[in-house]
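Written below as structure tokens is the structure these notes are about.
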Amino acid sequence: MEFAGIKNYPLLELGLSQIYLNENKILEIEKWFNSCDMSVFSPIKVHDFGNGKYTIVDGHSRAYVAHKNGVMQVPIVYDNDKLITGKMGQKLYHADLIWCERFGIENISHLENRIISKEKYQKLWIERCDKSYNLLSQTTEAERDILAQTHFNNEWVVKMYNSFQDEDNL
């Protein structure tokens, strides 16, 4: 579904890769946003992660403000940045898509009650992304599968606080 250039696309058909919005960013965008003059509205960056849907990778806050102001279509541009298309980027965005699915967040209107203060955004979203990156970059797929199947309150599972890795050992 890759495309070149900029095209207008139905806002509510765009997938999401974020489960919270920063209240401060929303307020800043609302200062300059004008639904009658979209010429200052930069295209929303999207990518197809194999689910047949364009997913927003940059511009969730702008998309939300557009939606809140009754805009039905927004300009989008396909993002092929290495941060997204690389192996780690694909893993991270896949995790984001799973989070959105778990929370029932299917389109931009579902973020209406998920606008939080800058401080909460830092704690709930940015730190969550950092933890996800650390987990994905420091564990194997097999280890993540075990973690996904294990209940954290299981008395038989030893909590790991630190680890090291060499050629033979983790």
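A few notes on this one:
- For a paramagnetic label modelled on N24 (point 7 Å from Cα along Cα→Cβ), amide N atoms under 17 Å away belong, within segment 50-87, to 61-62.
- Cα-projected label distance for L83 with N34, points at 7 Å along beta-carbon direction, nm: 3.0 nm
- Eigenvalues of the alpha-carbon gyration tensor of segment 20-128, scaled by 5 and square-rooted, set the equivalent ellipsoid semi-axes at 22, 18, 13 angstrom, largest first.
- Prolate/oblate/rounded label for segment 1-47 (Cα gyration tensor, a/c 1.5): oblate
- Shown in residue order for segment 72-77 are the 3J(HN,Hα) couplings computed by the Karplus curve 6.51 cos²θ - 1.76 cosθ + 1.60 at θ = phi - 60°: 9, 10, 10, x, 10, 9 Hz (x for Gly and Pro).
- D58 contributes about 80 Å² of solvent-accessible surface, heavy atoms of the protein only, 1.4 Å probe.
The values are calculated or read from the model by the stated rules, or taken from the named source; none is laboratory data. Fair warning: this is a prediction, and the values are worked out from it, not measured in the lab. A quick note on method: Cβ atoms are made from the backbone with ideal geometry, for glycine too, and the neighbour counts reach across all protein chains shown. The accessibility values were calculated without ligands, DNA or RNA, using every heavy atom of the protein model including side chains. Shrake-Rupley method; radii C 1.70, N 1.55, O 1.52, S 1.80 Å.
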